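Visitor: Could you have a look at this structure, given as C-alpha cells, before my questions?
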Amino acid sequence: MPAPAAPSGRERAGHRDLTQGPILKTLLAFSATTLLSNVLQSLNGSVNSVWVGRMLGEDALAATANANVVMFLVFAGVFGFGMAATIKVGQAFGAGNIDAARRTFGTALGLCVGLSMLVAVAGWIWAPALLRLMATPGEVFSLALAYLRVIFVSVPAAMITVMVGMGLRGAGDSQTSLRFMILSVVLDVALNPMLIAGIGPFPRMGIAGSALSTAIASFVSMAALLFYVYARNLPLRLKGAEIRYLIPRRDELRYILTKGLPMGVQMLMISMAGVIMVGLVNREGAMVSAAYGASLQLWNYLQMPALAISAAVSAMAAQAIGAGLPDRLGRITRAGIGLNVAMTGAMTALLLLFDRPVLELFLGAGSPAVELARHIQYLAIWTYILFGVTIVFFGTMRAGGVVIAPLVILGITMYPIRLGFYALAHKTLGQDALWLAFPISSSVSTLLAGLAYRQRGWREKARVVPPDECAEETQADSDSSGRMVPAL
C-alpha cells in the first residue's frame, strides 16, 4: 500500500486548497468566520443604538450616528496599515520564519499605539470642530460631543485589540480574536443600559454612559486578549529582547506604509463620502438624522454577506490564477454574484416586510421618524444588492493584481455621481435626492465594475496575489453604514 503523500507547503502553513471541490460549497464554508465576526460587530452597535434610542430618544440616536461616522473615519485611516501587516505576517508564517513575523507585528503594533494616542488626544480637542464640519443639528450637538469625546478615550484600546486580532489572523488564527470580540460585545451590551439609566451601583450618565460602556468593554477586552496571548504563549507574543520590535523598523515600516496606504486611502475615501452624506442629512433636521441613523443600522447587516462572500471569492480566484485555471475563475465569479444576489435580496425582502417593528426598536413605536425611515428604506435599500455584485467583480480583479480600477470606480461613483446627482436633483426632489443618490451611484458602480471585469487585458497580465492579501483588500470596500469600526 503506497504511503500517503506528504502535505504540501500550503497545507503545512495552515492554508486551505481552494482550487478543488464544489465552488458554491467552498464559498459558503470559507466566508463563515468573516460573516460571523461582522455580524457580532454590528449586533453590538445595533443593540447599543436600541438602548440609546429607546431610553434617551431620537436626538440621542442621531448623535450616536454622527459620532460613529467620525470614528469610522478615524479607524479607516489605520486599518490599511493593519491589513498590510496581516499580509506580511501571513507570508512570514508560511515561510516558517516566526521571528520575521514578530518583527512585522511589532512594527505594526508600535505604529498603531503611537497613532492611537495622537488620535485620542486630537479627537478630544477637535471633536467640536468635527461635529460642526458635519453640520450636526444644534439640538443634537451637545449629546454628540459628550458621546464622541468618551469614545475617543477608548480609541487606543480598540485599535490595539484590532491590530492584535489582525496579526493573529495573519498567523492563521481567526478564533482567538472572535472569542474576545464576543467578550467585548457582551460587556458593552450589558453595561449600556446600566450606565445610561444609573441602574444598581452605577451613576446615571445618559448618552455619556453609552460611550463609557463601549470604552470599558474595549479596555477589558484588550487586557484579556493580551493576557491570553502571553498565557498561551501564542507565536506573536513579544518577550525579552523582542520588545524592541515595538520600535518601528525602517524596512518594515516602508512595507506597511507602501502596501497599507492604498487600502487606507480607499477606506478614507469611502468614509469621507459617509461623512459628507451625514452632513447633508443633518441639514434636513434632527428627525431626518435620527431616521437615517436607524436606517444605517439595518444597512450594516445588508452588506455583511457581500463582504464575506467577496473575500472568499478573492481568495479562491487568487488560487485559481496561481493554478492556471481560467475557466474556474469565471465560475467562481458567477457563483459569488449569484450567492450575493440571493442572500442580499432575501435579506432586503425580509427587512422591507418587517421594517416597521425593526425600526421601532431603535426609534420607539410613537416616533414620527419611523415612517420617514421606512420611506428611506423603500428608496435606498436596493443599493446593497448592487453593492454585492460590484465587490465580487472587484474581488476577482484584485486576485489578478488589479488595484487601481476599483479605487477609480469607487471615487467616481461616490463623489461626482452620488454627490452630483444630489446637487442636481435636490431642488426638484428635496430629501428624496439623498436617498435616491445611493442606488443611482451603485448602479453606475456595478456597470463600470462589470465593464472593467470583462476586459481581457487584466486576465492576460494577471499576477498571482497571495489569497490572504486579496481577502484583506476586499474589506476596504465596506461602506461605513453607521458603524464605528470597519469590517474585519
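Visitor: When only residues in segment 199-213 that are of a type outside the set (S, T, N, Q) and in contact (Cβ under 8 Å) with a residue 40 or more places away in the chain count, which is farthest from residue 161 (Cα to Cα)?
Guide: Per the criteria, the residue is 206.
Visitor: With the condition kept exactly as written, say whether any residue in segment 106-115 is at pLDDT below 90 and closer than 25 Å to residue 48 by Cα.
Guide: No, the conditions are met nowhere in segment 106-115.
Visitor: Same structure again: When the residues of segment 52-61 are narrowed to those that are surrounded by fewer than 23 Cβ atoms within 10 Å (Cβ to Cβ) and not charged (D, E, K, R), which ends up nearest to residue 295 (Cα to Cα)?
Guide: 57
Visitor: In segment 215-269, what residues are in contact with a Ser or Thr (Cβ under 9 Å, 6 or more places away or on another chain), within 30 Å of residue 183 (Cα to Cα) and among the charged types (D, E, K, R)?
Guide: Scanning segment 215-269 gives a single hit, 232.
Visitor: Where the second residue is open to solvent by 50 Å² or more (accessible area, probe 1.4 Å) and part of a helix (DSSP H, G or I) and the first is within 21 Å of residue 162 (Cα to Cα) and touching a residue at least 60 places away in the same chain (Cβ under 8 Å) and lies in segment 103-132, which pairs have Cβ atoms under 7 Å and are six or more apart or on separate chains?
Guide: Every condition considered, the pairs that remain are 104/88; 106/246; 109/246; 110/246.
Visitor: Restricting attention to segment 133-142, and to residues there that are farther than 15 Å from residue 208 by Cβ and in contact (Cβ under 8 Å) with a residue 40 or more places away in the chain, which single residue is nearest to the chain's Cα centre (by Cα)?
Guide: 134
Visitor: If a residue has to be exposed (fewer than 15 other Cβ atoms within 10 Å of the Cβ) and farther than 13 Å from residue 276 by Cα to count, how many in segment 412-429 make the cut?
Guide: Number satisfying all stated conditions: 3.
Visitor: Scan segment 12-23 for residues that are surrounded by 15 or more Cβ atoms within 10 Å (Cβ to Cβ) and either modelled with pLDDT of 70 or more or assigned to a helix (DSSP H, G or I) (or both) and report the count.
Guide: So the answer is 1.
The rows are residues; the columns are (1) aromatic (Phe, Trp, Tyr); (2) in contact (Cβ under 8 Å) with a residue 60 or more places away in the chain.
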position: 325; (1), (2): no, yes
position: 331; (1), (2): no, yes
position: 355; (1), (2): no, no
position: 361; (1), (2): no, yes
position: 369; (1), (2): no, yes
position: 384; (1), (2): yes, yes
position: 393; (1), (2): yes, yes
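Visitor: Which number in (1) over 30 Å from residue 368 (Cβ atoms); (2) at pLDDT 70 or above; (3) not small (Gly, Ala, Ser) marks the one condition that residue 72 misses?
Guide: (1)
Visitor: Tell me, yes or no, whether segment 25-40 has at least one residue that is crowded, with 19+ Cβ neighbours inside 10 Å, out of contact with any His (no Cβ under 9 Å at 6 or more places or on another chain), modelled with pLDDT under 75 and not in a helix (DSSP H, G or I).
Guide: no
Visitor: Here is a further query. From the set of residues in segment 294-329 that are β-branched (Val, Ile, Thr) and within 14 Å of residue 29 (Cα to Cα), which is farthest from the chain's Cα centre (by Cα)?
Guide: Here the answer is 313.
Visitor: Against the definition (in a helix (DSSP H, G or I), modelled with pLDDT of 90 or more and within 23 Å of residue 339 (Cβ to Cβ)), how does residue 387 come out, yes or no?
Guide: Criteria met by residue 387.
Visitor: Among 196, 216, 182, which is the only one that is open to solvent by 70 Å² or more (accessible area, probe 1.4 Å), assigned to a helix (DSSP H, G or I) and touching a residue at least 24 places away in the same chain (Cβ under 8 Å)?
Guide: 182
Visitor: Specify which of the listed residues (168, 145) is buried (at least 23 other Cβ atoms within 10 Å of the Cβ) and touching a residue at least 12 places away in the same chain (Cβ under 8 Å).
Guide: Among 168, 145, only 168 is buried (at least 23 other Cβ atoms within 10 Å of the Cβ) and touching a residue at least 12 places away in the same chain (Cβ under 8 Å).
Visitor: Open to solvent by less than 40 Å² (accessible area, probe 1.4 Å) and either farther than 29 Å from residue 291 by Cα or touching a residue at least 40 places away in the same chain (Cβ under 8 Å) (or both): is that true of residue 223 in this structure?
Guide: no
Visitor: What about residue 148, is it assigned to a helix (DSSP H, G or I) and closer than 30 Å to residue 58 by Cβ?
Guide: Yes; evaluated as a whole, the condition is true for this residue.
Visitor: Restricting attention to segment 118-134, report how many residues are open to solvent by 30 Å² or more (accessible area, probe 1.4 Å) and touching a helix residue (DSSP H, G or I) at 6+ places or on another chain (Cβ under 6 Å).
Guide: Total satisfying the criteria: 3.
Visitor: Being under 15 Å from residue 296 (Cβ atoms) and either touching a strand residue (DSSP E or B) at 6+ places or on another chain (Cβ under 8 Å) or without any contact (Cβ under 8 Å) to a residue 40 or more places away in the chain (or both) is the filter here; which residues of segment 371-380 pass it?
Guide: Correct list: 374 only.
Visitor: What residue, of 113, 121, 140, is part of a helix (DSSP H, G or I) and farther than 28 Å from residue 56 by Cα? Walk me through it before giving the result.
Guide: Working: 121 fails: farther than 28 Å from residue 56 by Cα; 140 fails: farther than 28 Å from residue 56 by Cα.
Exactly one of 113, 121, 140 is part of a helix (DSSP H, G or I) and farther than 28 Å from residue 56 by Cα, namely 113.
Visitor: Of the numbered conditions (1) open to solvent by 20 Å² or more (accessible area, probe 1.4 Å); (2) under 30 Å from residue 65 (Cβ atoms); (3) assigned to a helix (DSSP H, G or I), residue 365 fails exactly one; give the number of that condition.
Guide: (3)
The values are calculated or read from the model by the stated rules, or taken from the named source; none is laboratory data. Just so it is clear, the structure is predicted and the values come from calculations on it, not from any experiment. Counting neighbours? That spans all protein chains shown, and the Cβs are built from the backbone with ideal geometry, glycine included. Areas reflect the complete protein model, heavy atoms only, side chains present, ligands, DNA and RNA absent. Shrake-Rupley method; radii C 1.70, N 1.55, O 1.52, S 1.80 Å.
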